Amino acid sequence: MAEAEFEPARALESLNRHGVEYVLVGGLGARAHGATRPTSDIDLVPNRDDDNLGRLAAALLELNARLRVGGMTDDEARQLPVQLDAETLRSFGSSTWMTDAGPIDVLRDRRDRQGGDVAFDELILRGGDQQIGAVVVHVAALDDIIASKEHADREKDREALPELRN
């Protein structure tokens, strides 16, 4: 089966419609701050209370979410016995999902420059609302996005940093 077309507005609309509390981070968060580097997934840090994780599970189910598992095709991953609910999302900590609107990474937290955890409560205070297409979302502060990319230190993150620092 072919990968889903990346439709971030569709996914964000579903999250918002379900009342999910989250902070957008990663490449799409960087784009909300004006970066031009393309991205192919949504990275988000949700409020981890049970009710919110239940709403997140409902939004992911609406988008026909299935686990993304390294070394497995999408069809193989669909066969895994995963019940998508708040308990599952909590037990995974961080997880990656393929949806009909493209990939969504659900992250427990972000890292600061020293490798410490920056949780939802801190990200929400330092970030702000941004419009992405017709959708208003809460986006992590640019400094938090930069710090997490510095800590990750992957090639794609190092390549993104010069634009983000300008």
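Every read-out reported here was derived from the displayed coordinates using simple, explicitly stated rules and does not represent laboratory data. Please read these numbers as outputs of a predicted model, since none were measured by experiment. Quick reminder, even Gly has a Cβ in these numbers, built from the backbone with ideal geometry, and neighbours come from all protein chains shown.
Taking S94 as the residue in question, decide whether it is in contact with a Pro (Cβ under 9 Å, 6 or more places away or on another chain) and surrounded by fewer than 16 Cβ atoms within 10 Å (Cβ to Cβ). No. Can you confirm whether G128 is small (G, A, S) and closer than 30 Å to Q79 by Cβ? Here the answer is no, as G128 does not meet what is asked. When the stretch 53-102 is filtered for residues that are in contact with a strand residue (DSSP E or B) (Cβ under 7 Å, 6 or more places away or on another chain) and of a type in the set (K, R), the ones remaining, listed by number, are R66, R68, R78. Every condition in (1) more than 23 Å from E122 (Cα to Cα); (2) touching a residue at least 12 places away in the same chain (Cβ under 8 Å) holds for P81 except the one numbered (2). What do you reckon, is T36 loosely packed, with under 13 Cβ neighbours inside 10 Å, among the β-branched types (V, I, T) and within 20 Å of D129 (Cα to Cα)? In short, yes. Filtering R110, R55 for residues that are in contact with a Gly (Cβ under 8 Å, 6 or more places away or on another chain), surrounded by 18 or more Cβ atoms within 10 Å (Cβ to Cβ) and closer than 26 Å to G133 by Cα leaves a single hit, R55.
Criterion first (surrounded by 14 or more Cβ atoms within 10 Å (Cβ to Cβ), farther than 30 Å from H18 by Cβ and acidic (D, E)) does E150 satisfy it?
On the way: surrounded by 14 or more Cβ atoms within 10 Å (Cβ to Cβ): yes; farther than 30 Å from H18 by Cβ: yes; acidic (D, E): yes.
When the stated conditions are applied, E150 passes them.
Based on what the data block shows, is V118 over 17 Å from the mean Cα position of the chain (by Cα) and either more than 18 Å from G19 (Cα to Cα) or free of Cβ contacts under 8 Å to residues at least 24 places away in the same chain (or both)?
On the way: over 17 Å from the mean Cα position of the chain (by Cα): no; either more than 18 Å from G19 (Cα to Cα) or free of Cβ contacts under 8 Å to residues at least 24 places away in the same chain (or both): yes.
The answer is no for V118.
The criterion of at least 2 residues that are under 30 Å from N166 (Cα atoms) is met by the following strands (runs of 3 or more DSSP E) wholly inside the stretch 18-125: 22-25, 42-46, 102-106.
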